[in-house]
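The values are calculated or read from the model by the stated rules, or taken from the named source; none is laboratory data. What you are looking at is a predicted structure, and each value in this text was computed from that prediction instead of being measured. Neighbour counts are summed over all protein chains in view; Cβ atoms, including those assigned to glycine, are modelled from backbone coordinates with ideal geometry.
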Amino acid sequence: MEYETQEVDGTAAVIVPRGRLTMASAPELKALVERAVGSGRTLVVVDLGETAFMDSSGLGALVGGLRSARTAGGDLRIARPTEQVSTVLELTTMDRVLRPFDSVEEALDA
């Protein structure tokens, strides 16, 4: 699993996980979100367009990141979920909490 992090306007960060978001890689995603929030990036967008697979650990990392961002007065949003990721979100009804956006730009502007 690879991660790319981009800073946007000093108040937002975009994190792009590439590969499989599983028990092995989820802690790194949670740490990246916490690091972004800790450095003042209160809006974090996780671009899931290159995430081939996500299990419950990956979902847990997103929920943990959401909690961290909201505790800091911000938000975590997801963008471009793949079909498999969308299925996991729908089956767990987490798509109500982590509402997916069609693009990173939409997530940043919402």
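Return the residue satisfying two criteria in turn: it lies in the range 25-45 and is out of contact with any strand residue (DSSP E or B) (no Cβ under 6 Å at 6 or more places or on another chain) and assigned to a loop (DSSP other than H, G, I, E, B), and of such residues it is nearest to residue 72 (Cα to Cα). The qualifying residue nearest to residue 72 (Cα to Cα) is 42. Residues that are polar (S, T, N, Q) and in contact (Cβ under 8 Å) with a residue 12 or more places away in the chain within the range 1-38 comprise 5, 11, 22, 25, listed in sequence order. Selection within the range 1-24: residues that are charged (D, E, K, R) and closer than 19 Å to residue 72 by Cβ. The member of this set that is surrounded by the most Cβ atoms within 10 Å (Cβ to Cβ) is 7. On inspection, residue 86 does not qualify as touching an Asp or Glu at 6+ places or on another chain (Cβ under 7 Å), among the polar types (S, T, N, Q) and either at pLDDT 95 or above or closer than 22 Å to residue 109 by Cα (or both).
Kindly provide the set of residues from the range 60-84 that are more than 20 Å from residue 31 (Cα to Cα) and either touching a Ser or Thr at 6+ places or on another chain (Cβ under 9 Å) or surrounded by 13 or more Cβ atoms within 10 Å (Cβ to Cβ) (or both), ordered by number.
From the range 60-84, those more than 20 Å from residue 31 (Cα to Cα) are 80-84; that's our starting set.
Selection gives 80, 81, 82, 84.
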